Amino acid sequence: MTLTIITLVATIALFVSGRIRADIVALCALVFLLIAGVLTPSEALAGFSNSVVIMMAALFVVGGAILQTGIAKVASQRIVRMAHGNETAMFLLVIIVTAVIGAFVSNTGTVALMMPIAVSMAAQAGKSPSRMLMPMAFASSMGGMLTLIGTPPNLVIDETLREHGYEGLSFFSFLPVGALCLVVGIIVMMPLSRMLIRKHSARQTSKGKTIDDLVAEYNLTAEVTAFKVEARSCIVGKSMAQLDMRARFGISVIEIRNETKRNRGLLRTVTQSMPRQNTVIYAGDILYLQGPEDSIANFAKEASLKKMDSSRFGFYDIGVAEIVVMPQSRLVGQMLKQSRFREQYCLNVLGVKRNNDYITSQLPDMRLKAGDILLVQGQWENIAKIDKEEDDWVLLGQPREMAESVTLDYKAPLAAIIMFAMVAAMVFDFIPVAPVTAVMAAGLLMVVCGCFRSVDAAYKTINWESLVLIAAMMPMATALEKTGTSAAVSHALVGMLGGIGPMALLCGIYFTTSLLTMFISNTATAVLMAPIAMSAATEVGASPMAFLFAVTLGASMCFASPFSTPPNALVMHAGNYSFGDYIKVGLPLQIIMGVVMTLALPLLFPF
């Protein structure tokens, strides 16, 4: 017992100091308990096979797909519009929406769904996501108190009541308690969350240009026009060589896109390709033309093309990037048409930046100079290949990262269907699928159905630090139970406070549960404390309802630690939080919540 307590205290001290990564600290504690013989190898590794950890990994993938397909952006835009740009209104909307979802979906699933939305919303509003993410995680736990299925500790106390011959709790028995938790949480979190803005705003670093930045900088939307090839068009069936559009009209086809729709237009498949001499034009193709406006108009009239209402660029298969011409480059002094970018690298040059001038017309006859910046367009893998030609130019940015950041918005309906199916499987009992199975299936479908550009992109969405932290700390609960530490503390508390009165005992049970949850999972704490609360209520001759609610509240309303609940761990990396941030913001909230609820429970559930 002594060794376990020393290990726990040392682990907490290292967490608070923040000098060593939290996952490394957790692993060190785990290995030490394993070497010391407190835990067996199977007990020590049990956390890594725990369904909660597996579910968290899959939910990271699902959340990444929501972000990748643009669902998060659409949802965040609506919240921003509803808030009318008011930061306080945005904060309240995120908290309330998260709590409502958390009432019906596991708090882990709720945070995984809401996290990309909050990050996207903060980016659009030009705000730091740090202020919203931690309160959002806390709100998911508060929302879990609104219904019976909101959080596992609720089910634990319901089962305890039934086992002791009491009537079970109804679906909305928790609603008054949960509503009070949410009100208290909002009042306390609004001022405390501003500490996170001040702390983390300085950590924001400027990143390279995004694809949207490049499109705006070179004014590509104005320079390029999209036309759809209809079945009656005279160019259907002809190759690019036969059309010879550059020689005849002085225009270029920079992209050919084809979109097919299924299920009444709900699902789309989009393909993009670079035109070559042998590329054949088919009915339904969308041509992106660059050149003089009158020349494009003449060609479109002759070929009977239909102008598209929107020339919005999409960079699903084809991307853009900038390269800088080096002083010793073979390109210096050459005309652009002599560079053979299209023939050698399958790339188009869409524009040239020289000093502060942007040149997008008469490009073939332009002579290049050292220091010119060329905006090139092509398949992402072809852009990546030219990075090896360091003697002639330097590629600005990282094509792989840029490609993976592209929003695959045409996959959004499919991702939404998968997400709602997952939520339905988790909410409705008549669907015979376990929550972890539903989440794993959803994550796999997101990858298989192309909601990510690659499998590697899906793996990159997983926050391995958070997973290792949770998995390595779960066996600590086993060590505390195995050595009798948890039981000794709990029984001692009942012995000391039971004689004073039910109110003192209620307060003791609440804060003991809250304290234990800081170090072991909330479900494990509820399982441990519920029988003790029931026996304590019986000893003092009081109704067990308030005492059992104190257990589930103490277990669920734990905010002072990143590993006490999965939602707290989920947002740790995305919000760039340290262990100390949870202490500064979460501990005051946890204490205030405890005081309010221990005063309110006897009023809601008289002794």
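Results, tabulated for the structure shown:
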item: Furthest towards positive pole of dipole, Val270, Ile79, Ile186, structure part the chain, Cβ charges; result: Val270
item: Region 14-119 shape via C-alpha gyration tensor axes, a/c threshold 1.5; result: prolate
item: DSSP-assigned coil residues among trypsin sites (Lys or Arg not before Pro) in region 299-367, each with at most 16 further Cβ atoms within 10 Å; result: Arg312, Arg330, Arg340
item: Kyte-Doolittle mean at least 0.5 and Cα axial length at least 27 Å: DSSP H helices in the chain; result: 464-482
item: Among Thr552, Ala297, Leu27 - extreme Cα towards positive end, dipole of the chain, charges at beta-carbon; result: Ala297
item: Expected 222 nm ellipticity per residue - DSSP helices of 4 or more, -39500 (n - 2.57), all of the chain, to 500; result: -17500 deg cm²/dmol
item: Mean separation of Cα contacts under 8 Å (6+ apart) over length of the chain, as relative contact order %; result: 20 percent
item: Size of electric dipole in the chain: Cβ of Lys, Arg +1 and of Asp, Glu -1, about Cα centre, debye, nearest 20; result: 1260 debye
item: Accessible area of region 1-151 belonging to carbon and sulfur atoms, whole % at 1.4 Å probe; result: 71 percent
item: Residue (of Met134, Met1, Ala46) at the positive-pole extreme of region 1-135, dipole from beta-carbon charges; result: Met134
item: Under 5 Å, built H, 5+ apart or other chain: amide partners of Tyr358; result: none
item: Carbon and sulfur %, accessible surface of region 272-337 computed with the full protein complex present, 1.4 Å; result: 49 percent
item: Equivalent ellipsoid dimensions for the chain as semi-axes, Å, which come from the Cα gyration tensor, largest first; result: 58, 25, 20
item: 10 Å Cβ shell holding at most 10 others, DSSP loop, GluC sites (Glu not before Pro): longest site-free stretch of the chain; result: 168-389
item: Mean-position separation - Cα centroids, region 426-447 and region 568-607, in angstrom; result: 30 Å
item: Cross-link table Lys127/Lys460; Lys337/Lys460; Lys460/Lys584; Lys337/Lys385, entries beyond 28 Å C-alpha to C-alpha; result: Lys337/Lys460; Lys460/Lys584
item: For the chain, accessible area per residue (1.4 Å probe, heavy atoms of protein chains only), Å²; result: 43 Å²
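The values are calculated or read from the model by the stated rules, or taken from the named source; none is laboratory data. Source: prediction; values computed, not measured. A quick note on method: Cβ atoms are made from the backbone with ideal geometry, for glycine too, and the neighbour counts reach across all protein chains shown. Calculation scope for accessible area: heavy atoms of the full protein, side chains included, ligands and nucleic acids excluded. Shrake-Rupley method; radii C 1.70, N 1.55, O 1.52, S 1.80 Å.
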